[in-house]
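The values are calculated or read from the model by the stated rules, or taken from the named source; none is laboratory data. All of these numbers come straight from a predicted model, not from anything done at the bench. Ideal geometry is used to build each Cβ from the backbone, glycine not excepted, and the neighbour counts take in all protein chains shown.
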Amino acid sequence: MIEKFWNKLTGSQLCKSIFRHGYEDTTRNRALQVRSNVFLHLHPVSVPEHAFKIRFTWCMGGITFFLFLVEAFTGVFLMFYYHPIPEFAYHDMKYLEFDIPFGIILRNIHRWAAHLMVFTIILHMLRVFLTGSYKPPREFNWVVGVVLIVLTFLLSFTGYLLPWDQLSYWAITVATNMMGAAPFIGHEGPFSVVNKYNDIRFVVLGSTEIGTNALLRFYVMHIIVLPAAAIIFMAVHFWRIRKDGGISGPL
Amino acid sequence: MTEHSLNSNVTRRGFLRIIGWGSFFVTLGILIGGTMRFLFPRVLFERPSTFKAGFPHEFDRKDRADENGVFEVYEKWKDEHSACLVREKNRIYAVHVKCTHLGCTPNWFADDRIFKCPCHGSQFHSNGVNFAGPAPRPLDRFGISIADDGMIVVDKSRVYTSKDFDKRGAYLNV
């Protein structure tokens, strides 16, 4: 009877629509499984044996991607309790730490994964450099990777202000004043062509001082603009690995 | 050539192409320009740039000056306006308490008679002149004047750097 039910379930149109190809272990079927799966289609159909040599790749790109997923996942949970408003932000952070069930572990996973992501992405870049994997035909993917490391730094930077404590406030004070000293586009920089109401610092802060607008802008950048950009560039990054002849390996 | 043209070598097809792509790029330009403009708000909800700091006689000098000729540093307005009023023998000026290195707020240590910045350790004398740390120049000063009602008005929109400290408006004679 169970077998009959199972056959009816797996034979239904709904099931066939979701799981389009069975478990038949043939080269053709494995290729079809990957080709028809939206999540796996960025992944190569077959993985070369050298890809599993952890001493060559360190798996640092994969770990960085995993940490990005951790950030996205825990970040959504943090958004349930965090208001990007100066009166609330610091207290929400404390509320999460001391009163929300599992809030402290959630916040700390988000925080440590962020630190770790910067660390692993740098190690990934170092590995790619040391193994010469940036060389043609992978030179474009190196550029995409540089964009991704910059996006990671910007995600860390925008996340830094959100707890709205003394450390974040003064760190962002220092960083945005450095922007104000940028050449041409900063109001205190060399060859400045702008004033303090239309320079790069003003765009980032939405104001001439760190306040309500600045917190909101950093929040919006942190939760949607930068992650969306990172997802697009990651998709290109992974796709390019396939197109450039698969993951690089020992010669 | 059978196409009609009015003293021009632009063909009908070419003309339509220019119109088509032209309107595309004009629209794109307006969209990008509008998005850029959107990021610059017209109205800012910031504190007013001037504040009144009491009557001059409230700053009567104390018994003795320190080695920089400063009698007293008043930090009553520091939290709200990031300004300290400084009394010298014959004048009062408003020091902008914002580190000239990267903009943190130095603390005033009344016992040591110095400002110290918590971020990177710059130090300033009681008159705002830097003597240690990475700060490149003395603390700036705000414009200061007497209002019609006789009170001292500090104008934070007028900022004087060290080369302009002796200009009119950077200090108040008392």
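Points to keep in mind about this one:
- Positions within region A:180-214 being within 11 Å of another protein chain (Cβ to nearest Cβ) and assigned to a helix (DSSP H, G or I), in sequence order: A:180, A:200, A:201, A:202, A:203, A:204, A:205, A:212, A:213
- Matching entry among A:152, A:173 (being modelled with pLDDT under 95 and either more than 14 Å from chain B (Cβ to nearest Cβ) or surrounded by 17 or more Cβ atoms within 10 Å (Cβ to Cβ) (or both)): A:173
- Residue within region A:86-98 that is within 14 Å of another protein chain (Cβ to nearest Cβ), of a type outside the set (Phe, Trp, Tyr), part of a loop (DSSP other than H, G, I, E, B) and surrounded by fewer than 17 Cβ atoms within 10 Å (Cβ to Cβ) present: no
- Counting residues in region A:69-78 that are modelled with pLDDT under 95 and of a type in the set (Asp, Glu) gives zero.
- Per-region count, region B:39-81, residues within 14 Å of chain A (Cβ to nearest Cβ) and either surrounded by fewer than 18 Cβ atoms within 10 Å (Cβ to Cβ) or over 30 Å from residue A:221 (Cβ atoms) (or both): 13
Let's see how each residue does on (1) more than 16 Å from the chain's Cα centre (by Cα); (2) away from every other protein chain (no Cβ under 14 Å); (3) not aromatic (Phe, Trp, Tyr):
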| position | (1), (2), (3) |
| --- | --- |
| B:92 | yes, yes, yes |
| B:104 | no, no, yes |
| B:107 | yes, no, yes |
| B:146 | yes, yes, yes |
| B:150 | yes, yes, yes |
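- Residue check for residue A:192: closer than 25 Å to residue A:229 by Cβ and either out of contact with any Cys (no Cβ under 8 Å at 6 or more places or on another chain) or in contact (Cβ under 8 Å) with a residue 60 or more places away in the chain (or both): no
- With a requirement of 1 or more residues that are free of Cβ contacts under 8 Å to residues at least 24 places away in the same chain, the strands (runs of 3 or more DSSP E) lying completely within region B:69-168 that satisfy it span B:70-74, B:107-109, B:114-116, B:123-125, B:130-132, B:152-160.
- Filter pass, residue A:81 being away from chain B (no Cβ under 14 Å), over 22 Å from the mean Cα position of the chain (by Cα) and within 19 Å of residue A:222 (Cα to Cα): no
- Test: residue in region A:126-133 that is over 27 Å from residue A:73 (Cα atoms) and within 14 Å of another protein chain (Cβ to nearest Cβ): no
- Scanning region A:215-251 for residues that are touching a Ser or Thr at 6+ places or on another chain (Cβ under 7 Å) and either modelled with pLDDT of 95 or more or within 11 Å of chain B (Cβ to nearest Cβ) (or both) turns up A:218, A:221, A:222, A:226.
- Residue list for region B:24-38, filter: among the polar types (S, T, N, Q) and away from chain A (no Cβ under 14 Å): B:27
- Test: residue in region A:29-47 that is of a type outside the set (Gly, Ala, Ser), over 24 Å from the mean Cα position of the chain (by Cα), surrounded by fewer than 10 Cβ atoms within 10 Å (Cβ to Cβ) and modelled with pLDDT of 85 or more: no
- Hits in region A:157-170 (condition: touching a residue at least 12 places away in the same chain (Cβ under 8 Å) and more than 12 Å from chain B (Cβ to nearest Cβ)): A:157, A:158, A:159, A:160, A:161, A:162, A:163, A:164, A:165
- Those residues of region A:59-85 which are within 16 Å of residue A:123 (Cα to Cα) and either touching a residue at least 24 places away in the same chain (Cβ under 8 Å) or not in a loop (DSSP other than H, G, I, E, B) (or both), in sequence order: A:60, A:61, A:62, A:63, A:64, A:65, A:66, A:67, A:68
- Wholly enclosed helices (runs of 4 or more DSSP H) of region A:1-58 bearing at least 1 residues in contact with a Pro (Cβ under 9 Å, 6 or more places away or on another chain): A:27-35, A:54-57
- Matching residues, region B:104-130, being buried (at least 22 other Cβ atoms within 10 Å of the Cβ) and on the phi > 0 side of the Ramachandran plot: B:128
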